[in-house]
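First the structure, in the form of structure tokens, and then the observations on it.
Derivation of every value follows stated rules applied to the coordinates shown; laboratory data play no part. These figures come from a predicted structure and were not determined experimentally. Virtual Cβ from ideal backbone geometry, glycine too; neighbours counted across all protein chains shown.
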Amino acid sequence: IESRATAFFIKGDQKPIFESLFVKYFGKHFILYRTEEVLGMHLFGYGAEHPRLREFLGDYLAVAIDEYHFRFRSDTFVMKGQHAGLLAEESLVPLIIHEKKR
């Protein structure tokens, strides 16, 4: 989905080893969720599920819990900001309300 919330598509018989190795090497920086867990948490909101949502989620979703992210190519454009992790700075948005005088 993006570098701080990355979807993984794993062959059926490789899922147990993937989970084990992912937690071993990346468990300090990411939480690994199975697709059904993500859907049950309503991480993408409530309401009708988009018909193609499960295609994009893959088998697992790894969500960043600190400043780390996945970078799959060395020439990838690096964004100044990321917003799909679980840090408070990414998920809490300030709300400013201005009332116009009548």
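Points worth noting:
- Residues HIS98 and LEU39, FRET efficiency given R0 of 25 Å [Cβ-Cβ distance, rounded to 0.05]: 0.10
- Distance (nanometres) between label positions extended 7 Å along Cα→Cβ at PHE8 and TYR46: 3.2
- Cα-projected label distance for ILE17 with ARG54, points at 7 Å along beta-carbon direction, nm: 2.7
- With only Cα atoms counted, segment 1-74 has Rg and Dmax values of 12.6, 38 Å.
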